[in-house]
Amino acid sequence: MKTVEEIRAAILAAVPGAAVTVLPNASPSAQQSLLIGAEHATAIAKFLRDDEELALDFLSNVTGVDWLDKEIAEKVKVTRQVAKPVEGGEPGQVQMMDETVEETRKHVEPGYLEVVYHLFSVAKKHGPVVLRMRTANRTDKAELPSLTPVWRSAEFQEREVFDLFGIVFKGHPDLRRILMWDEFKDFPMRRDYVEPDDFEYEPTPHDEVLKRAQAHRAHVGAAEAKP
Amino acid sequence: MSSSSTHVDKSGYLDNVTARLARSEKLDGWNRPPVIETDGEGELLELAMGPHHPSTHGVFRMDLALDGERVIRLKPVFGYLHRNHEQLAQNQTYLASMPYTDRLDYICSLTNNWAYALAVEKLAGQAVPERAEYLRVILAELTRIQNHASTIGFLLQEMGASGTPLMYAFREREKILDLFESLTGSRMMCNYMRFGGCRVDASDAWLNGARKVVAGLPQFIDEFENFLMSNEILMARCQGVGVLKPELAVNAGISGPMLRASGVNYDIRKVDHYGIYDRFKFRVPLGDHGDIFDRYMIRMLEMRESISILEQALKQLPGGPVMDPKAKIRNFRPKAGEAYGRIEAPKGELGFYLISDGSPNPYRYRVRPPSLINLTVLEDMCLGSNVADVVLIFGSVDIVLGEVDR
């Protein structure tokens, strides 16, 4: 089977303008992955499936990974001009001098959601080839193209990633929640997910139930108000 | 079907067809599910089959749209048993998830253990001693036999063969479960494998017991085949029903006996040679038509091959430790990285995908559930057939809801 680098070269030759990066893996499993840009994802997927030598016809596993915003502290050397009193000079006489100081600068690397595809070949009996795609951010741009039109096996698995991670797959034929119920609001597999205080809370049109629900909300409000 | 001449669409069927057409247009070429058209006469019935239907093997629902007896739409509904297994595993150490893997496919806890141990061993570069590898093979093949036996038993039960075949299958299954209990302490929640070996060694008495059980198994299969193989009802209900084409099976990620029943030669034991499967001689049975009957037969034949593997393994079993002495139990922290490990579980390809960030818990823990993914084509197989056949087609997929919903 081709190495990851060779597969990358083959993709670049077949899909001009595609963004493909090889991501290293330090673990003894040495399963390196290919990070592909969302723009050419479908074309790349079709090439991987239909190429005679690769023939990656079996999409085994699809899953999401949540990477939170990372605060990175860097030590930077900064040179700037400082006014210093002249040695042996008159009091008040200063001269400008260069001074180098180390400064700690913090910046936030934005988090992203990632989707991972494990591909195998039934025809050639090789694999895995690991594909990854990343969203622009974790909030309003959590969109990626769906690979379900290329491999049907992604149908339920992408629905699951949408359900638990909140990645919206464009072009998915039937994108609905799969494991959680339709009215559920949050995405339970995200790293910053907080469980609701009561899963059973569910306002319904029935008066009796509504009344009970109100009592419950009042109770929660009182608990939150306590210092 | 009612004979009224004007079409009354109370069920929202036309909306469903439009939605389904729109959905299937998004799929690539031939991997679209067929759209079954009706004559537009009479009313269509929407039927929720489950979640408490006895044929669904647990809490699972199929929303059917029926034209008389014919199925024209089928939507599986999951999640009744969802407990976010993956999130649970990410909040505890690697070893602490081992007992939870038993609860995925609770019929085959030992293969779940093995798949998880294999993925972690890949992640950490952990070696496994030879005797432990043999014990794993022995237990996995015993698991396969008891899973296939009970699947066939349930399938026949659903076909109307009330009680008897299922009890015959369960009689053999019980012998195997007794072996599991005497070795691991539990019939079904075995929690037996560890990263770098197995928890306890098998005694000579246990091995002799296993040899005895294995020696009795061919007779059970012969008996089963004699009684049922040429049964007219079985053939009439199974042959040509629920056909799955090999191209769609591969494209939809179907694995295990279901894939091989469609004639695709793909057995992970032969492809990956994980563990020590390259040391055993066994054949991979393949189907020809991809119907229920082939799926039934494949399981019968696979049981025979498993018996052959068991005989070889019990003969070759070497001495030695069952745990790698260098294996780290306390403070187990794999280096940052990721690994995907998979095995040929009785139901299909069971995989575990792990990402480590160097901490004692996995950063990401994912189960690739064969039961869920094998249901992708349920609608394609059922469209156009009768409701009674849906029960059989569903039974021939062989799922466990503990694994589908996780």
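Every number here is computed from the coordinates shown, using simple stated rules; none is lab data. These numbers come from a predicted model, not from an experiment. Here the Cβ positions follow ideal geometry from the backbone for every residue, glycine too, while neighbour counts run over all protein chains shown.
The table below lists the values:
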| read-out | value |
| --- | --- |
| Kirkwood Rh and Cα Rg combined as Rg over Rh, evaluated for chain A | 1.21 |
| Fraction of antiparallel bridges per DSSP, chain A only, in percent to nearest 5 | 85 |
| Mean Kyte hydropathy of -1.0 or more with a Cα span along the axis of at least 18 Å, helices from DSSP in chain A | A:207-225 |
| B:N386-B:H52 FRET efficiency (beta carbon distance; Förster radius 25 Å; 0.05 resolution) | 0.70 |
| Folded to 0 to 90 degrees: helix B:13-25 orientation relative to chain B principal axis, Cα | 50 |
| Compactness of the protein assembly as shown as Cα Rg over 2.2 N^0.38 Å, two decimals | 1.11 |
| Cα-based radius of gyration of the range A:1-114 once divided by 2.2 N^0.38 Å, which approximates compact folds | 1.96 |
| For the range B:199-302, the spread of Cα positions along each principal axis, largest first, Å | 47, 36, 23 |
| Chain B: relative contact order as a whole-number percent, Cα under 8 Å and 6+ apart | 24 |
| Contour excess over end-to-end distance, with Cα ends at A:M1 and A:E143 and 0.36 nm allotted per residue | 47.9 nm |
| Those lysines that a straight Cα-Cα span of less than 23 Å connects to B:K335, excepting residues fewer than 8 apart in one chain | A:K70, B:K122, B:K326 |
| Bridge type composition, the protein assembly as shown - antiparallel percent by DSSP, nearest 5 | 90 |
| Sequence of B:Y266, A:Y117 once ranked by neighbouring C-beta atoms within 10 Å, starting from the fewest | B:Y266, A:Y117 |
| Cα-projected label distance for B:M188 with B:S162, points at 7 Å along beta-carbon direction, nm | 2.4 |
| C-alpha long axis of helix B:204-228 to longest principal axis of chain B, angle in ° | 20 |
| Which of A:V150, A:V78 has the fewest Cβ neighbours within 10 Å, and the rest in rising order | A:V78, A:V150 |
| Residue order, fewest to most beta carbons within 10 Å, for B:H273, A:H118 | B:H273, A:H118 |
| Separation in nanometres of the label points that stand 7 Å from Cα toward Cβ, at B:N361 and A:V108 | 2.2 |
| Descending principal axes extents, chain B, alpha-carbon based, whole Å | 78, 52, 34 |
| Entries of B:K175/B:K270; B:K270/B:K347; A:K75/A:K141 with Cα pairs more than 21 Å apart | B:K175/B:K270; A:K75/A:K141 |
